[in-house]
Amino acid sequence: MSEAMDKFKAYSASMETVKLEVPEIELTVYAEAMTLKQRRELLAKTANEDAFTSAITTVIMLALDEQGERMFTIEDKPKLLRFKGISNAIARLGGELMDAHSVADPLEPSKATET
């Protein structure tokens, strides 16, 4: 394995599970870093959905319990679409799950190279 691949592998292995709180429904959700394959699958599944349906799909695919098991199944989607008053919580949680391991400007050019 090349040095570059070793660095990608080490970085990937260093990703820890993130704990997210949804205080309005007293729920704790966990998120693991997504692989590129998982991100591609999620984007494909949500490509033709509106923002709230996309957030629900994201929660279904990414929300984990403390043991690392999925909290929801695809069968929960119609039920989640019908619950009253959860749109803000679902939208926020979907966004937080997508951003759980984001790094701001990871490829930002070095200040030393600017003129």
For the range 25-67, go through all pairs of different Cα atoms, get the mean of 1/r, take its inverse, and jot down that Kirkwood value in Å.
11.3 Å
Could you tell me how many degrees, from 0 to 90 and to the nearest 10, lie between the Cα long axis of helix 87-99 and the main elongation axis, the longest principal axis, of the Cα atoms of the chain?
20 degrees
Figure the gain on full extension for ASP65 and ARG40 (residue separation times 0.36 nm, minus the Cα-Cα span) and round it to one decimal in nm.
6.7 nm
Helix-only estimate, please: 222 nm mean residue ellipticity of the chain, summing -39500 (n - 2.57) across DSSP H runs of length 4 or more and dividing by its residues, to the nearest 500.
-14000 deg cm²/dmol
Mind putting together the pair-distance distribution for the range 16-101? All Cα pairs, 10 Å bins, whole percent per bin, short to long.
18, 57, 25, 1
Packing rank of 39-45, 94-100, where each peptide gets the mean count of other beta carbons within 10 Å, highest leading:
94-100, 39-45
So what's the angle, to the nearest 10 degrees on a 0 to 90 scale, between helix 3-13 and the longest Cα principal axis of the chain?
30 degrees
Contour minus Cα-Cα span, ASN48 to ARG92, at 0.36 nm per residue, comes to 13.9 nm
Tell me the angle of helix 36-46 to the major Cα principal axis of the chain, expressed in degrees between 0 and 90 and rounded to the nearest ten.
40 degrees
For the chain, what is the charge dipole size about the Cα centre, in debye to the nearest 20, if Lys and Arg each add +1 at the Cβ and Asp and Glu each add -1 at the Cβ?
380 debye
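None of the figures in this text is laboratory data; all of them are computed from the coordinates on show. What you see is a predicted model, and the numbers here were worked out from it, not measured in a lab. Ideal geometry is used to build each Cβ from the backbone, glycine not excepted, and the neighbour counts take in all protein chains shown.
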